[in-house]
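Down below is the structure, laid out as structure tokens.
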Amino acid sequence: MPKLKRTHTCGELRKKNVGQEIILSGWVHKWRDHGGVIFIDLRDREGITQIVFGRQESSGVRAKELETLARKLRAEYVISVAGKVAPRPEGTANLQLPTGEIEVLPEEVEILNKAKTPPFEVSDQVDVSEEVRLKYRYIDLRRQKMQRNLFLRDRVCKATRNFFDEHGFIEVETPFLTKSTPEGARDYLVPSRLNPGSFFALPQSPQLFKQLLMVGGIEKYFQIVKCFRDEDLRKDRQPEFTQIDYEMSFTDEKDVHSITEELMVRVFKEVLKIDIPLPFPRLTYEESFRRYGTDKPDVRFAMELKEISDIAEKSEFKIFKEALKKNGIVCALNAKGLAETSRKELDELKEMAGDCGAKGLAWMKMTDKTFQSPITKFFKQEELDAIAERAEAQKGDLLLFVADKAKIVYDALSKLRTFLGERLNLIPRRALDLDYLFSEQRKISVEPSFFSFVWIVDPPLFEYNEEEKRWSPVHHPFTSPREEAFPFLEKLTELPKDMEEVSQVLSRAYDLVLNGHEIGGGSIRIHQRDLQEKIFQLLKIPPQEVKEKFGFLLESLGYGAPPHGGFAFGLDRLVMILTGSSSIRDVIAFPVTQKAFSPLTNAPSAVSERQLKELHLKLEK
RNA sequence: GGGGACGUAGUUCAGACUGGUUUAGAAUGCCGGCCUGUCAAGCCGGAGAUCGCGGGUUCAAAUCCCGUCGUCCCCGCCA
């Protein structure tokens, strides 16, 4: 049982505490031994306080004992210090530290635990590979940056819970041991001991349960909940991740959008202390592709794509005309002021476009009033002028062109747009300084313009999957089509591949995009059994499978399901953006590597023969 | 499933292209000594590396070749 019980944290002592007898507990952060005087920086999660051994005032046998003890202290020892708060001598205050005007003169020191030399320093300045950080995550978490990330994440959750509580939503838990569904990502499976040969699946999202809660009359539900998807990882994708999930009855897009916007206002106000403007701008899915080439545009800067198919059509440039003949399009991107781009850099851009499937990247440099380009000779002057006008090109600009199928053109140019936006410093790319959030001044240093939200609405209901040779839902199969499509869909019994009208059917889904990241999405759901069955039929899910996998949902829709809809945020991505982190791994306490392996626990790992047997499982040799 | 980058003291990197003066080097951390005001403390000294692993080429391999494992980034995938 430790003798010393802490009275203060290492972040709170100030001049006004001078003279008080206090007790601090924490980790030895740094020590500086000057021979006659020894400084210990004591750290806990609230801050750092300097302890001084051997100051002139202290002398005698006791002081010598303490000094001897202090020399034994090492980095990351866990200690308690009882002592008196003293002002620092004239001229030795450290203004970098909130506690920098005082120091503690120890009277007693208790070592609560020794520590081996840590594999890396507990400091934000020190570079450590992610693998080492994950293996020693409990040390990594002591670093201020990680602590702040987790504190901030906690505040987001707290603000979210308060917000939903005040708006009449109740938090309901849904099962983790549930049913595998055919659509969507791969499931994580859990074998059932009591039901040989049967498996639970961990939920990819609580989608079906939240709909059942609406049928159950809960009306307003929310949950901060883990979801599981067994797909390949990225810096913004972990196999288990957290959603802020909610659903409402008797609702429409307008309600869902406004509650979502208000939630964001609340979170940004409470967490970052800034006001974000409402309402968020709205782009249709079609418009988003047309102007930015993507359904998750970064609208912090303009630099929009300009289609020039009509001009290219009239020109003599075969490559453009060939693409158009194959039902393709030609688009231009104006890289303002980059006419000086070197051949080598152009090749790099071309390669980037090539990664997206583009067969080439045409360019024109605007010099004075003329064009410098290998392809100008294929264009008449008035065509060049038309292009320049369309692209709003001026002297010094660089125009980039891709001609191909729309998907490839959009893919390539949106990628180039993002790249060039960064290159041209069009994005307010100031290091997110979160210090103010944790300091006493609470001085605002984060501008609302750092955060650009945009709604992407009216996506198509179906898209054709070339690989599987069938239509699949753009959002998920429970998304309601827009009402005007009902008669069209009712007439159909299947979706022919080349039926243009199918891709024109719009859905009542919506995504929320922040700074080019998709941070959430949702939809108004189908609440009529007939329509839901129709959709399954059109998606060519065999009736037997529909009954097996979704029977309970269809059944529930037959017992008085209210119209309902909702939304789900990717909490990890949201917190990643709020903290200015470059990976969601930095806002998750215990993430896994790209192979979904934990260097900390060594999970996943083999299990005993006996466990397998109990679960009625045999491993392939 | 595919493409790319990387793997060398505890940690972060250099050395590799062009094999041999390399006894594999630096910084930081670690250990010891000196030092009464530091806060990236300073000065002096010291320890610390199966060069990811396996195989091959060669008189000789951290260095070249093949395989393999791991980490990160990207494409596919992620309703």
*For the range A:212-244, name all the residues that are closer than 22 Å to A:Ile526 by Cβ and under 15 Å from the mean Cα position of the chain (by Cα).*
A:Cys227, A:Gln243
*Of all residues in the range A:340-380, which are of a type in the set (Lys, Arg), farther than 17 Å from A:Phe317 by Cβ and not in a helix (DSSP H, G or I)?*
A:Lys369
*Would you mind telling me which numbered condition in (1) in a strand (DSSP E or B); (2) under 24 Å from the mean Cα position of the chain (by Cα); (3) modelled with pLDDT under 95 A:Asp433 fails?*
(1)
*Residue that is nearest to A:Asp140 (Cα to Cα) [pool: residues in the range A:43-90 that are surrounded by fewer than 19 Cβ atoms within 10 Å (Cβ to Cβ) and near RNA strand B (Cβ under 7 Å from one of its atoms)]*: A:Ala75
*Looking at (1) closer than 22 Å to A:Arg143 by Cβ; (2) more than 11 Å from RNA strand B (Cβ to nearest atom); (3) modelled with pLDDT under 95, which is the one condition that is false for A:Thr9?*
(3)
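Just to be sure before I move on: is A:Val546 assigned to a helix (DSSP H, G or I), crowded, with 17+ Cβ neighbours inside 10 Å and without any contact (Cβ under 8 Å) to a residue 40 or more places away in the chain in the structure I sent?
Taking the combined requirement at face value, the residue satisfies it.
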*Which one is farthest from RNA strand B (Cβ to nearest atom), of the residues in the range A:219-264 that are assigned to a strand (DSSP E or B) and hydroxyl-bearing (Ser, Thr, Tyr)?*
A:Ser249
*Can you name every residue in the range A:449-470 that is at pLDDT below 95 and under 18 Å from the mean Cα position of the chain (by Cα)?*
A:Phe450, A:Phe451, A:Ser452
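So that you can scan it fast, the table gives a plain yes or no per residue for (1) within 16 Å of the chain's Cα centre (by Cα); (2) closer than 25 Å to A:Thr284 by Cβ:
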residue: A:Ser503; (1), (2): no, yes
residue: A:Ala509; (1), (2): no, yes
residue: A:Leu539; (1), (2): no, yes
residue: A:Gly551; (1), (2): no, no
residue: A:Ser556; (1), (2): no, no
residue: A:Pro562; (1), (2): no, no
residue: A:Gly566; (1), (2): no, yes
residue: A:Leu571; (1), (2): yes, no
*Could you list, in sequence order, all residues of the range A:459-476 that are free of Cβ contacts under 8 Å to residues at least 40 places away in the same chain, within 11 Å of RNA strand B (Cβ to nearest atom) and either touching a helix residue (DSSP H, G or I) at 6+ places or on another chain (Cβ under 6 Å) or among the charged types (D, E, K, R) (or both)?*
A:Glu466, A:Glu467, A:Glu468
_strands (runs of 3 or more DSSP E) completely within the range A:1-100 that count 1 or more residues being among the small types (Gly, Ala, Ser)_ = A:21-33, A:47-53, A:78-87
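Condition check ((1) of a type in the set (A, V, I, L, M); (2) within 30 Å of A:Lys235 (Cα to Cα); (3) in contact with a strand residue (DSSP E or B) (Cβ under 6 Å, 6 or more places away or on another chain); (4) part of a strand (DSSP E or B)) across all residues:
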| position | (1), (2), (3), (4) |
| --- | --- |
| A:Phe488 | no, no, no, no |
| A:Leu495 | yes, no, yes, no |
| A:Ile541 | yes, no, no, no |
| A:Gly560 | no, no, no, no |
| A:Leu578 | yes, yes, no, no |
*Looking at the range A:127-158, which of its residues are near RNA strand B (Cβ under 8 Å from one of its atoms), surrounded by fewer than 17 Cβ atoms within 10 Å (Cβ to Cβ) and not in a loop (DSSP other than H, G, I, E, B)?*
A:Glu130, A:Glu131, A:Val132
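Given the structure, is A:Glu351 of a type in the set (Asp, Glu) and in contact (Cβ under 8 Å) with a residue 60 or more places away in the chain?
It is false that A:Glu351 is of a type in the set (Asp, Glu) and in contact (Cβ under 8 Å) with a residue 60 or more places away in the chain.
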*Any residue at all in the range A:268-278 that is of a type in the set (Lys, Arg) and touching a strand residue (DSSP E or B) at 6+ places or on another chain (Cβ under 9 Å)?*
no
*Here are some residues: A:Asp411, A:Asp385. Which one is modelled with pLDDT of 90 or more and under 36 Å from the mean Cα position of the chain (by Cα)?*
A:Asp411
*Check off (1) more than 12 Å from RNA strand B (Cβ to nearest atom); (2) closer than 19 Å to A:Asp232 by Cα; (3) of a type outside the set (Asp, Glu) for A:Lys547 and give me the number that stays unchecked.*
(2)
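Suppose we filter the range A:587-610 for residues that are more than 10 Å from RNA strand B (Cβ to nearest atom) and either among the charged types (D, E, K, R) or closer than 30 Å to A:Ser249 by Cα (or both); how many remain?
2
Select from the range A:12-42 the residues that are more than 11 Å from RNA strand B (Cβ to nearest atom) and under 20 Å from A:Ile139 (Cα atoms) and list them in ascending order.
A:Ser25, A:Gly26, A:Trp27, A:Leu42
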_Among (1) surrounded by 15 or more Cβ atoms within 10 Å (Cβ to Cβ); (2) over 28 Å from A:Phe453 (Cβ atoms); (3) touching a residue at least 40 places away in the same chain (Cβ under 8 Å), there is one condition A:Glu253 misses while meeting the rest; what is its number?_
(2)
*asked:* Here is a check on your reading of the model: is A:Asp124 among the acidic types (Asp, Glu), within 16 Å of RNA strand B (Cβ to nearest atom), at pLDDT 95 or above and under 25 Å from the mean Cα position of the chain (by Cα)?
replied: no
*Search the range A:281-340 for residues being among the polar types (S, T, N, Q) and touching a residue at least 40 places away in the same chain (Cβ under 8 Å), and hand back the single one that is surrounded by the fewest Cβ atoms within 10 Å (Cβ to Cβ).*
A:Asn327
*Answer yes or no: is there a residue in the range A:205-218 that is under 28 Å from A:Met264 (Cβ atoms), touching a Gly at 6+ places or on another chain (Cβ under 8 Å) and away from RNA strand B (no atom under 16 Å from the Cβ).*
no
*Is it the case that the range A:481-501 has a residue that's near RNA strand B (Cβ under 10 Å from one of its atoms) and in contact (Cβ under 8 Å) with a residue 12 or more places away in the chain?*
no
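The values are calculated or read from the model by the stated rules, or taken from the named source; none is laboratory data. Here the structure is a predicted model, which is why all the values come from computation and not from measurement. Backbone-built Cβ (ideal geometry, glycine too); neighbour counts: all protein chains shown.
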